[in-house]
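The values are calculated or read from the model by the stated rules, or taken from the named source; none is laboratory data. Computed from a predicted structure; not experimentally measured. Every residue, glycine as well, gets a Cβ built from its backbone with ideal geometry; the counts of neighbours run over all protein chains shown.
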Amino acid sequence: MQEIYADLHIHIGSACGGQPVKVTASRKLNFQNILQESLYRKGLNLVGIIDSASPLVINDIEDLLDKGIMEELPEGGVKYQDKLFIILGSEIESREENGGQAHYLAYFPFLSQIKEFSQLLGNYITNINLSSQACRLTGREILNIVDELGGLLIPAHAFTPHKSFYGRCFSGYREVFSDEEWEKIPAIELGLSADTHLADFLSELAGKSFLSNSDAHSLGKIAREYNKMRLEDINFKEFKLALQRKKGRCITYNYGLDPRLGKYYSSYCLHCQKTVPLTGGERCSLCGSQKIIMGVKDRIINISKRNKSISPPWRPPYVHQIPLADVPGVGKKTLNKLLKSFGTEMEIIHQSGVNELSELVGTRIAGNIDKARSGKASIEPGGGGVYGKVMG
């Protein structure tokens, strides 16, 4: 067995020809640049590129395969330079029967399957070239399509107030899925404003693996959240076994932001224009207004059927971390200096000692890095679409 680092929600800002894919993402975020950044700066072993159903991106993938830069694996997945492995995926926005919208991540073993998925989805999406477009299908209908094609489906950023499974649409899975259908979903993605402690307030998630992914909209945001996985080899088959926790494969650690740093951790009153505690379930405690954006913490407590978080014995640790680029004192020059010395961000975070860091960047910045990677930094909570702040 080997342990590897994986970020399984990375967007494509544009195709290699410059055509837009994810409109809100950086144009530098194309397939080739993601591979370079993930391997040589971040130090990842496995990435999920979730705009791979766009025909523009499919053309880029086929070009890289034809040139021998990438290679498709018999067990599913794609290999880049024998060091980085790619899971091809798609983010889809549903239209649920109750009027809600939720985002789902679909992962497929082979390019042929995601091409077929793209062709099918084109019947329900106005512009299949663009990422995360509104789809005239419910989550149940999307699950059935993905399952028939041999893929996996999981709810994306499952608790955020906008366009998510629990945050926007449902209080429980039975509102959309049967028990049999729910069993086909091996995991949920936590999102930047949630962690294991918060998610495990919901008893129905006791059988699901949790993924902590970056949802990167720029190259620098890749691996701001990531997972450590135990696999025999790196391919789609092993990835699926890890999510299902079968044959010794599993997620061994989740690494991610303290939820208080997320944009939607705290509830936000649109009248007061500030984050506020709630009273009576859905009212601002300061002005009584119901014009609020309910934060992830309040939403989870609101829909939970129990008053405490209970994690199953097998649940891996969730380690609160702050990305290196967000650590006080670590600017672009300092980060490049660290990378030149240690190799990748994973090596800086997981292998460098405080004394080694101090010799290179001084005791103050070394101390900030150590606090950032161990969850000890001071934080001002975020909410209402504004990220929290690292105070030091």
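Annotation: HIS197 fulfils all but one of (1) out of contact with any Ser or Thr (no Cβ under 6 Å at 6 or more places or on another chain); (2) more than 18 Å from ASP215 (Cβ to Cβ); the unmet one is (1).
Residues in region 133-167 that are among the charged types (D, E, K, R), in contact with a strand residue (DSSP E or B) (Cβ under 9 Å, 6 or more places away or on another chain) and more than 20 Å from ALA216 (Cα to Cα): ASP147 alone.
Here PHE239 meets each of (1) crowded, with 20+ Cβ neighbours inside 10 Å; (2) closer than 30 Å to ALA377 by Cα; (3) not small (Gly, Ala, Ser) with one exception, condition (2). Cβ-Cβ contacts under 9 Å between residues 6 or more apart (or on different chains), taken from a first residue in region 132-151 that is within 17 Å of GLU116 (Cα to Cα) to a second residue that is among the hydroxyl-bearing types (Ser, Thr, Tyr) and in a helix (DSSP H, G or I), are absent. From the list LEU261, LEU286, LEU257, LEU278, the lone residue that is surrounded by fewer than 15 Cβ atoms within 10 Å (Cβ to Cβ), within 21 Å of GLY388 (Cβ to Cβ) and at pLDDT below 95 is LEU286.
Listed here are the residues, each with its yes/no results for (1) modelled with pLDDT under 95; (2) buried (at least 16 other Cβ atoms within 10 Å of the Cβ).
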{"position": "GLN2", "(1), (2)": "no, no"}
{"position": "CYS16", "(1), (2)": "yes, yes"}
{"position": "ALA25", "(1), (2)": "yes, yes"}
{"position": "LEU39", "(1), (2)": "no, yes"}
{"position": "LEU46", "(1), (2)": "no, yes"}
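The number of residues in region 1-28 being in contact with a strand residue (DSSP E or B) (Cβ under 7 Å, 6 or more places away or on another chain) and assigned to a loop (DSSP other than H, G, I, E, B) comes to 6.
Residues that are without any contact (Cβ under 8 Å) to a residue 24 or more places away in the chain and among the aromatic types (Phe, Trp, Tyr) within region 172-200 comprise just one, TRP182.
Does LEU339 count as out of contact with any Gly (no Cβ under 7 Å at 6 or more places or on another chain), part of a helix (DSSP H, G or I), touching a residue at least 60 places away in the same chain (Cβ under 8 Å) and crowded, with 18+ Cβ neighbours inside 10 Å? Yes, satisfied. Selection of region 162-200 for residues being farther than 21 Å from TYR255 by Cβ, of a type outside the set (Lys, Arg) and part of a helix (DSSP H, G or I) yields PHE165, TYR166, GLY167, CYS169, TYR173, GLU175, ASP179, GLU180, GLU181, TRP182, GLU183. Residues that are assigned to a helix (DSSP H, G or I) and either without any contact (Cβ under 8 Å) to a residue 24 or more places away in the chain or assigned by TED's automatic domain parsing to the domain that holds VAL330 (or both) within region 201-230 comprise just one, LEU205.
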